[in-house]
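The values are calculated or read from the model by the stated rules, or taken from the named source; none is laboratory data. Model, not experiment: these values are computed from the prediction. With ideal geometry, Cβ positions are generated from the backbone for all residues, glycine too; neighbour counts draw on all protein chains shown.
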Amino acid sequence: MKTTKTPWQEMGLSDSEYEKVLSILKREPSLPELGMFAAMWSEHCSYKNSKPILRLFPTTGKRVLQGPGENAGVIDIGDGQAIAFKVESHNHPSAIEPFQGAATGVGGIIRDVFTMGARPIACLNSLRFGNLENARVRYLLNGVVDGIAAYGNCMGIPTVGGETWFNDSYSGNPLVNAMCVGLIENGKIHKGIAKGKGNPVMAVGARTGRDGIHGATFASEELSEESENKRPAVQVGDPFMEKLLLEACLELMETDAVVGIQDMGAAGITSSSCEMAARGNSGIDYDVALVPQREKGMTPYEILLSESQERMLVVVEKGRESEVTAIFDKWGLEAAVIGQVTDDGYVTVREHGKIVCHIPAKALTDEAPIYYKESKRPAYLDDTEKFDPLSLPEPQDYNEALKNMMTSPNICSKEWVYRHYDHMVRTSTVTRPGSDAAVLRIKGTQKGLAMSLDCNSRYVYLNPREGGKIAVAEAARNVVCSGAEPMAITNCLNFGNPEKPEVFYTFREAVEGMAESCRALETPVTGGNVSFYNENQHGAVYPTPTVGMMGLLTDINHATTLSFKNEGDSIYLVGINKDELGASEYLSHVHHLNTGKTPVLDLDLEKSVQAIVLKGIRNGLVNAAHDCAEGGLAVALTEMAITGNLGSKVNLEESLRSDVLLFGESQSRIIVTIPQEKQSLWEEWIKNSSTPIQYLGNVEGKTIEISQQNQSKINVSCEELYSLWKEALPCILSKH
Amino acid sequence: MNFAVILFPGSNCEVDCVHVIKEVLQEPVTTVWHKDTDLSQFDAVILPGGFSYGDYLRCGAIARFSPIMDAVIAHAKAGKPVLGICNGFQILTECGLLPGVLLRNQSLQFICEDRFIRVENNQTMYTSLYTKNQVLRIPIAHAEGNYYADPETIAALEAENRVVFRYCDAQGNPTPESNPNGAINNIAGIINEEGNVLGMMPHPERLSEVILGGDDGLALFQSMLKTWRNQL
C-alpha cells in the first residue's frame, strides 16, 4: 500500500513547512525553488531539530578565532598561526555505498578546512560498525577503510588517528565521522561570504554532474529497504581533482583577490550561494547555464541540487577574474564566472538569463524552521541502571579473562585499519596511530599539536548526560597523556530519529553533559555536525557524540606515548579505582551485556588528574602516560607493556572484587611511569598534591604480573598478550 | 649541491623531500613545476612520491609525458644523479630510465608502515655512507610496489649488483614474510647500469630525523652530497 505523496513531501518537507514557503514567497514555488527549500531546510543543512540544543555549548574562549557557523572552526596557537579543524559525518552514504561514501566524507571535510585558508595537515576518523561475524558488516568495514585510504592517501594528507569501534547497534547503520585539521600560517582566515555589489561569483574545480542529487535530504531520513535505491544520491569522489583544487585554492588565496569562498558540499551550489549571501547581507544572481557541466541537458533543478564533489564557489574582487583563471588553468582546472554579488538580499537563479528561482537568501538559511522537540526519558534506563554487575560470577581464571579482553575488537590493535592509511606523509607525525592521541610537529617552530577523535557510546547509551561529560573529558585526557594542553573541540553528534522523544532526550542530555565538561575543562566547541536518523527498522544507533579534541604542545619534545620505556621505571596510578563495572567493555565482551551504570565523572578530580600529569610530562618526570579506558586498569597496563615490549610487576591495594578492580572503567585515571632518577622529585610532588596518586609497581621483565593485596591475580607473558592483541582483528577478518 | 624536486600534478611528497634537503641536509633545493623544461642549473634531481595524475591509467604512466621529462632524461644521460622515490621510481620505470615495472601489491592493498631493507650495494653514490648488508628501517607507503621484470633483466640486475636495497627482516634475512608487496627477490630499490639513477619504493625522506622515530634514511642523502663534493 502506498499513498501518493505531494511533491514537497517527496522532497522531505512537511505540509506546515510548505505553508511557510508559500508565506515567504507569497506565491507557489517553482520546482527548483522547492528543491532549494527542501535541501536547505533539511536537518542536515538547517539543524532545525538541534539548533536550540546546540546553543547550550560554550563556543567562545581565549583561543577561539572562529566558532560554529563557518566551514570550520579556527583556534589561535600563537606566533600568528591558527588551526582550522572540523569533523563531519558521512553515515548514510557509507551505509549504502561504503567506498564512495567514506571517500567523499573525507573529501568534504578536507574542503571545509582548506576553504578557511588552511593547509590540511592531518585527518582522523571515527568508524563504528556492527558485529564482525556479519558478512555485510565486514563488507562495510573493508569498503569504508579502502575509501578513506583511497582519498586521503592520494591527497597527501596523513590519516593519523581516530578509532574503530564495534557494537550491534551499528549493524545496519555504520558511522563514518571524518575530521580534518589544517594550519593557517599567516593568520589570514577566509570565510564563506559574498560581499561587494558587482563582484563576480565563480564556480571552480570539477564540473557539475548528476551525482548526489538531494544527498542532504537523503541524509535527513531513516534508512530503510528503499535506501538501496538512493545509491544515486551517493556522490562519487575524485581525490586527484581535489588535490589540484586544494593547491589551486591555496595559491589563489595568497593573492588577496578572494572576497569569500565556500565548498559546494551538502546541497551543492544551492547552499553555498545562499549561505554566502546570507552571511554577507547581500544577494547573489547567477545563471546555471554558465556552470560548467559534465553532461548535456541538465535541468536547473539538477544543477542546483547536484552534490558533485570537488567544487567551490568563489567571490573575487571585480577585475581580478583573469588572475583566478590563470591559477586554475595552471592546475588544469576550470574557473567560470557564473554571476555576481547583488545588494537585494535575494538568491536569483537564471537559466540563459531567464529567472527560475528568486528567494530571499536568509529565508533559506536563518529563517529555516526551528523545532523544539518533545523529549522523554527512555524506559530502558530503568532496567540498565538497576543491573548489579556483582550478581555475575567472578572469572575462574584472570589470566584467561585478560587474554580474552585483549582480543576484543574494541581493544585489540587497529593496525589492520591504519596501515591502509598513509599516516606519515608531510613528515610531521611524531606520535603515530595507536597511542592515546596523535602528535604532529609544526615545522619551523618548537610547537606540536595533539589530536584525538573518539567517544565511548556505550556510556552515553546507559547514561546520556554522564556519557556526554565523559566523551569530552576522555578526549582531553588523551591529549594530556600525549603531552598537550587541551584547547578546543569539534563534535559530530550521531543519533537516531529526533522525532522520537526518547532519542531527543538522549540528544539533549548528552549535549548538556558535554557542555558541562567543555566549560569545566575550558575546551569550547568551535563547530561540528549533527547527524540524525541513524536508525533503521531494527532501531537506532547508540547515541554517539564523537569528540575531536585539539591540544597544543608548547614543546614538541613533550610528546609522550603510552609505551613503557625503561626497565626499572616506577608505575603510578593518578586517580581512584572505584566500584564501577557497569557499562564496561568487560561486561560487553565477556558477558555479552551492554548494561549497568555508566561510571560517574567528577570534573574536579578530572581537572586535577590532568593537571598533574601534564605538569609531570612538561617537567620531564613522566615518560609514559596512558588513560584507563575500555578494559580498565589491567588492559591499560597491558597496552603499555606490550607496545613497549617490557613487562610490569604491580600490586593493587584496594579490596574491590577483582574483576571490578581489574576491568572496571572508573574515569579520571591515568597510569604514568617515572624514571628512577626522577622518582624522589615525583614523590615530593605527590606529598604536596591533593590529587590521589598511588605507587603500583615497576616496569620489569617480560611478563605482566598483577597482584591484589599481594595475592597474584595475573601472570602472563607480554609476548602471548601481544600476539593475541595484534592478531585479533586480522584473524576475525580472515576466518571468513 | 643544488637539488631539484619535480612537482607533477598529484605529487605529494615533494614537500618532504624539500624539507630534508633544506632543513636537514642544509643544501639548496628548488621545487620545479612539471611544465618547466630546463634542469641545467641543478646537480641532482629527485622525482618524489605521491599520486602523479591520480595514478590514473597506471602509476607514473602519464607523468612520463610531462614536459620536464626530457630534461630529466638528459640530466640522467649526462651522468648526474636522478633519484626516484615511490611514485618517482614508478615514473623512472615508465620512462625507461630503469627497467621493470611496479605491479599492484600482492595483498592488493595500500600499506604504510616501517619496513627493514638491507643495503646490497654500498658502492653507489646513494649508499656510500652505509655499510654493505646494513639493515635500515625505512617506511613504505604504496599500493603498487611489487617490482617485476623478466628473468633476463632480473638476472642482469643481480649479476651487476644493481639491486641496491632488498626487503629483509630485522636481522637482515630477505625472507618471504619480510617482503611487503611480492616484489621479485625482495627487491626494494635498483640502480641503472651507469650508477646514477636510483629508484626505490621505501621513503628515506620519512625517517631522516630522530624526532620522527628514526634517521636511517638520512645517510642516503648524505651519500649523494659526499659523492658530489668528492667530484668537485
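Out of B:Ile140, B:Ile68, which single residue is β-branched (Val, Ile, Thr) and in contact with a Pro (Cβ under 6 Å, 6 or more places away or on another chain)?
B:Ile140
Residues that are within 11 Å of chain B (Cβ to nearest Cβ) and either under 13 Å from B:Leu212 (Cα atoms) or not β-branched (Val, Ile, Thr) (or both), at least 3 per element: which strands (runs of 3 or more DSSP E) completely within the range A:421-460 meet that?
A:429-431, A:438-441
Please determine whether any residue of the range B:64-78 is surrounded by fewer than 17 Cβ atoms within 10 Å (Cβ to Cβ), assigned to a loop (DSSP other than H, G, I, E, B) and within 17 Å of the chain's Cα centre (by Cα).
Among the residues of the range B:64-78, not one is surrounded by fewer than 17 Cβ atoms within 10 Å (Cβ to Cβ), assigned to a loop (DSSP other than H, G, I, E, B) and within 17 Å of the chain's Cα centre (by Cα), which makes the answer no.
Regarding A:Val258, is this residue in contact (Cβ under 8 Å) with a residue 12 or more places away in the chain, surrounded by 23 or more Cβ atoms within 10 Å (Cβ to Cβ) and under 16 Å from A:Val204 (Cα atoms)?
For A:Val258, the condition - in contact (Cβ under 8 Å) with a residue 12 or more places away in the chain, surrounded by 23 or more Cβ atoms within 10 Å (Cβ to Cβ) and under 16 Å from A:Val204 (Cα atoms) - is not met.
Give the number of residues within the range A:207-237 that are surrounded by fewer than 22 Cβ atoms within 10 Å (Cβ to Cβ) and at pLDDT 75 or above.
Of the residues in that region, 6 qualify.
Any idea which of (1) hydroxyl-bearing (Ser, Thr, Tyr); (2) surrounded by 21 or more Cβ atoms within 10 Å (Cβ to Cβ); (3) assigned to a loop (DSSP other than H, G, I, E, B) is the one B:Ser128 doesn't satisfy?
With (1) hydroxyl-bearing (Ser, Thr, Tyr); (2) surrounded by 21 or more Cβ atoms within 10 Å (Cβ to Cβ); (3) assigned to a loop (DSSP other than H, G, I, E, B) applied to B:Ser128, the lone miss is (2).
I'm trying to understand the selection: among the residues of the range B:151-184, which are part of a helix (DSSP H, G or I) and crowded, with 17+ Cβ neighbours inside 10 Å?
Within the range B:151-184, B:Ile154, B:Leu157, B:Ile184 qualify.
Scan (1) within 17 Å of B:Asn121 (Cα to Cα); (2) outside any loop (DSSP other than H, G, I, E, B); (3) not hydrophobic (A, V, I, L, M, F, W, C) for the single condition B:Gly195 breaks and write down its number.
Condition (2) is where B:Gly195 drops out.
Among the residues of the range B:2-20, how many are of a type in the set (S, T, N, Q) and within 9 Å of chain A (Cβ to nearest Cβ)?
2
Restricting the first residue to the range B:121-141 and requiring it to be touching a residue at least 12 places away in the same chain (Cβ under 8 Å), which pairs with a second residue that is assigned to a strand (DSSP E or B) and acidic (Asp, Glu) meet a Cβ separation below 9 Å and a spacing of at least six or different chains?
B:Arg137/B:Asp114; B:Ile138/B:Asp114; B:Pro139/B:Glu113; B:Pro139/B:Asp114; B:Ile140/B:Glu113; B:Ile140/B:Asp114; B:Ala141/B:Glu113
Give just the number: which of (1) out of contact with any strand residue (DSSP E or B) (no Cβ under 9 Å at 6 or more places or on another chain); (2) farther than 28 Å from A:Glu70 by Cβ; (3) buried (at least 24 other Cβ atoms within 10 Å of the Cβ) does A:Pro501 not satisfy?
If we test A:Pro501 against (1) out of contact with any strand residue (DSSP E or B) (no Cβ under 9 Å at 6 or more places or on another chain); (2) farther than 28 Å from A:Glu70 by Cβ; (3) buried (at least 24 other Cβ atoms within 10 Å of the Cβ), just (3) comes out false.
Looking only at helices (runs of 4 or more DSSP H) that fall completely inside the range A:309-420, which ones have 3 or more residues that are surrounded by 16 or more Cβ atoms within 10 Å (Cβ to Cβ)?
Ranges flagged: A:321-330, A:361-364, A:398-406, A:415-418.
For the range B:39-63, what are the residues that are buried (at least 19 other Cβ atoms within 10 Å of the Cβ) and either among the hydroxyl-bearing types (Ser, Thr, Tyr) or within 11 Å of chain A (Cβ to nearest Cβ) (or both)?
Once the filter is applied, which keeps residues that are buried (at least 19 other Cβ atoms within 10 Å of the Cβ) and either among the hydroxyl-bearing types (Ser, Thr, Tyr) or within 11 Å of chain A (Cβ to nearest Cβ) (or both), the range B:39-63 yields B:Pro48, B:Gly49, B:Gly50, B:Phe51, B:Ser52, B:Tyr53, B:Gly54, B:Asp55, B:Ile62.
I'd like to verify a number: residues in the range B:204-216 that are at the interface with chain A (Cβ under 10 Å from one of its Cβ atoms) and on the phi < 0 side of the Ramachandran plot, how many?
7
Would you point out which residue out of B:Asn161, B:Asn179, B:Asn230 is more than 28 Å from B:Gly96 (Cβ to Cβ) and not charged (D, E, K, R)?
Among B:Asn161, B:Asn179, B:Asn230, only B:Asn230 is more than 28 Å from B:Gly96 (Cβ to Cβ) and not charged (D, E, K, R).
With the requirement that a residue be crowded, with 20+ Cβ neighbours inside 10 Å and more than 27 Å from A:Ile674 (Cα to Cα), what does the range A:561-593 give you?
The answer is A:Glu580, A:Leu581, A:Gly582, A:Ala583, A:Ser584, A:Glu585, A:Tyr586, A:Leu587, A:Ser588, A:His589.
Residues that are more than 30 Å from A:Asn494 (Cβ to Cβ) and within 28 Å of the chain's Cα centre (by Cα): list the helices (runs of 4 or more DSSP H) wholly contained in the range A:537-650 that include at least 2 such residues.
A:603-618, A:632-644
Step by step: first the residues of the range A:414-461, then only those that are in contact with a Phe, Trp or Tyr (Cβ under 9 Å, 6 or more places away or on another chain) and of a type in the set (A, V, I, L, M, F, W, C), then the one that is nearest to A:Val503 (Cα to Cα). Which residue is that?
So the residue we want is A:Val460.
So which of A:Lys20, A:Lys86, A:Lys51 ends up being among the basic types (Lys, Arg), surrounded by 21 or more Cβ atoms within 10 Å (Cβ to Cβ) and in contact (Cβ under 8 Å) with a residue 40 or more places away in the chain?
Exactly one of A:Lys20, A:Lys86, A:Lys51 is among the basic types (Lys, Arg), surrounded by 21 or more Cβ atoms within 10 Å (Cβ to Cβ) and in contact (Cβ under 8 Å) with a residue 40 or more places away in the chain, namely A:Lys86.
If a residue has to be in contact with a Lys or Arg (Cβ under 9 Å, 6 or more places away or on another chain) and either surrounded by 15 or more Cβ atoms within 10 Å (Cβ to Cβ) or within 13 Å of chain A (Cβ to nearest Cβ) (or both) to count, how many in the range B:21-38 make the cut?
Of the residues in the range B:21-38, 4 are in contact with a Lys or Arg (Cβ under 9 Å, 6 or more places away or on another chain) and either surrounded by 15 or more Cβ atoms within 10 Å (Cβ to Cβ) or within 13 Å of chain A (Cβ to nearest Cβ) (or both).
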